Amino acid sequence: MKFIPPMPFYAWAALLGAPILETAPAIAQAARISLGSGFTPNPTVVQGTGGGTLRAAEVVGVRRTPIGPCLGYVRRSPHQRLTLTNDFSDLELHVTSDTDTTLIVEGPGGIWCNDDSDGHNPVIRGEWLPGDYSIWVGAHRPQARPSYELSIRDRAR
């Protein structure tokens, strides 16, 4: 008789053709984007799912910014993380979704919030400093989890 070393459960399951289930992390991780001068494609577009159960103003500690109120419901951790490796004179973040969404950005230049600059879609546009940015896409109801596309465009090019 030949000795067969013991195999872990997942190895037996794979040999027998059984599906292997992995558990999802308890906290969703933000997508990370890094952009520098001359980035391509321009615009760079990422997809995600926004919303959460916390009021955006409570998460970022600000109720209103010069370009709009901090509205909507988000989760504590950002939906996206953006690193800019240099300054941009005219960078635009634009969210599109089938659902009415809000946009909250926290970074080296402070906190910026927007709602409905383009119909029901939020837009934040202007000069951006190099550094790390946290981005939340909010929903107007705490139960909503809107799918969205975040477009990042260098308008100076």
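Being over 18 Å from the mean Cα position of the chain (by Cα), at pLDDT below 95 and not in a loop (DSSP other than H, G, I, E, B) is the requirement here; does A18 meet it? So that I can check it myself, show each step before the final result.
Details: over 18 Å from the mean Cα position of the chain (by Cα): yes; at pLDDT below 95: yes; not in a loop (DSSP other than H, G, I, E, B): no.
So A18 fails the test.
Can you pull out every residue in segment 107-152 that is charged (D, E, K, R) and surrounded by 20 or more Cβ atoms within 10 Å (Cβ to Cβ)?
Across segment 107-152, the qualifying residue is only D115.
Could you please let me know if V46 is more than 26 Å from A156 (Cα to Cα), among the aliphatic types (A, V, I, L, M) and either touching a Leu at 6+ places or on another chain (Cβ under 7 Å) or part of a loop (DSSP other than H, G, I, E, B) (or both)?
no
Could you grab me the full set of residues in segment 49-74 that are part of a loop (DSSP other than H, G, I, E, B) and surrounded by fewer than 18 Cβ atoms within 10 Å (Cβ to Cβ)?
T53, G61, V62, R63, P66, I67
Give R81, R32 a once-over and let me know the one that is surrounded by 11 or more Cβ atoms within 10 Å (Cβ to Cβ), in a strand (DSSP E or B) and either more than 14 Å from the chain's Cα centre (by Cα) or modelled with pLDDT under 95 (or both). It would help to see each step written out before you state the result.
Values: R81 fails: either more than 14 Å from the chain's Cα centre (by Cα) or modelled with pLDDT under 95 (or both).
Testing whether each residue is surrounded by 11 or more Cβ atoms within 10 Å (Cβ to Cβ), in a strand (DSSP E or B) and either more than 14 Å from the chain's Cα centre (by Cα) or modelled with pLDDT under 95 (or both) leaves just R32.
Has segment 108-117 got any residue that is in contact with a Cys (Cβ under 6 Å, 6 or more places away or on another chain) and not polar (S, T, N, Q)?
yes
The values are calculated or read from the model by the stated rules, or taken from the named source; none is laboratory data. No experiment lies behind these values; they were computed from the predicted model shown. Every residue, glycine among them, receives a Cβ derived from its backbone with ideal geometry; neighbour counts consider all protein chains shown.
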